[in-house]
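Please treat every number below as a calculation from the coordinates, not as lab data. Just so we're clear, the structure is a prediction, and the values are computed from it rather than from any experiment. Neighbour counts run over all protein chains shown; Cβ positions are idealised from the backbone, glycine included.
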Amino acid sequence: METLRGDSSKTTAAAAVPGNDEDIRRNRALSSKLYLELIPSKVPLIYSSSYDIAFMGMEKLHPFDSSKWGRICRFLVAEGFLDKKNIVEPLEAAKDDLLVVHSESYLNSLKSSLNVSVIVEVPPVALLPNCLVEKHVLSPFRKQVGGTILAAKLAKERGWAINVGGGFHHCSADKGGGFCAYADISLCIQFAFIRLNISRVMIIDLDAHQGNGHEKDFSSDRRVYILDMYNPGIYPFDYEARRYINQKVEVASGTTTNEYLAKLDQALEVAAGSFDPELILYNAGTDILDGDPLGRLKISPDGISIRDEKVFRFARERNIPLVMLTSGGYMKSSARVIADSIINLSQKSLINMESTTGKI
């Protein structure tokens, strides 16, 4: 473990945005409709059937399981831990919402099917009319972005929120990649700064891959502390972005469950003494699972549950609202593992799977 950049290395500015642009961004966030009110019968678990990506089988050309989000919820319903009518369905992020972080030029670049095909790493997408790419690829992503942004508001109200989706940590304000077309983590945090009166956020990124997108977006923002625990021997090899990680924890290919959890304990201890957040963004990728072809780590399913439990306990013991995003995971077993972890969190009373109208 190595702390590369402490708070003193960051400037007080948000992201290099001139004052006038900052006012425009603030007004966009304030006028957004994404912050829905959570009615009593709902719990802060966010999902929409629109999350799932499927079009002519092309989704099978990428190792990411683009239907895992729906299967997570179906497992929870089948186990009796969730009534689907109590799930929070978000709105799709509109262009003005995306412009809170993204540049106009970047959003315009997504009007090219070729550009989108490079971002999602599915070459045949380049051959589709952009209207179909919008409907079957970008719209589902924007729906998940809406869920991530909403999750911060719900977490502040209820203490926690889980977006069964999101975690597009390879996308920054001006560049997508790695199956990440929109910077939902950066957007969520900027909305929280503007709408929730939050001034300090910790990102705990435990996806197997380095979160280079949010690292670049907050490279000069002292309000954001980044703990990134990742395999340095896999994508994205972004050495510039590594300079912006406050607490870098490298886990080599083949790292076992016990080794991983020991590193995590140490990392959380360091984080607790380094930063006092008002909100935690937890990027909980399951590509660390043993057998995942891209993560290349050897963490057991039980290890995932223990990992998530440790992060939730870290937040609970400090009374810090926590947003969880499901992020990467490239095996069909990931959905079951995530559902089991959520059930474990409920059984350990780290999340309250009860509405004000009764248990679900």
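Odds and ends about this structure:
- For E269, the shell of other residues with beta-carbons less than 14 Å away shows a net charge of +2, using +1 for Lys and Arg and -1 for Asp and Glu.
- Each of D302, D340, D292 was scored by other Cβ atoms within 10 Å of its Cβ. Arranged with the fewest first, they read D302, D340, D292.
- For the chain, the relative contact order is 22 percent, taking Cα pairs closer than 8 Å that sit 6 or more residues apart in sequence and dividing their mean separation by the residue count.
- With neighbours defined as other Cβ atoms within 10 Å of a residue's Cβ, the residues M229, M353 order from fewest to most as M353, M229.
- Inter-label distance, nm, simple model (7 Å from Cα along the C-beta direction), T256/S199: 4.7
- By the count of other C-beta atoms within 10 Å, a proxy for reagent exposure, V100, V145 are ordered fewest to most as V100, V145.
- The simple Förster model, with R0 at 41 Å and r as the Cβ-Cβ distance, assigns I39 and K135 a FRET efficiency of 0.90.
- Approximating the spin labels as points 7 Å out from Cα along Cα→Cβ, the E269-to-D23 distance works out to 5.0 nm.
- Dipole magnitude of the chain about its Cα centre (Cβ charges: Lys, Arg +1; Asp, Glu -1), debye to nearest 20: 580
- Global geometry of the stretch 65-214, whether rounded, prolate or oblate, following the gyration tensor of its Cα atoms and the 1.5 cut on a/c: oblate
- The stretch 196-324 - Rg and Dmax from Cα coordinates, angstrom: 13.9, 42
- Here the stretch 273-360 was treated as a single set of alpha-carbon atoms; its pair distances binned every 5 Å from 0 give 3, 14, 22, 22, 17, 13, 7, 2, 0 percent.
- Packing here is the average count of other Cβ atoms within 10 Å per residue, and on that basis the peptides 285-291, 118-124, 208-214, highest first, run 208-214, 285-291, 118-124.
- A dipole drawn for the chain from +1 and -1 charges on Cβ atoms has a positive end, and of L297, I234, I119 the residue lying farthest that way is I119.
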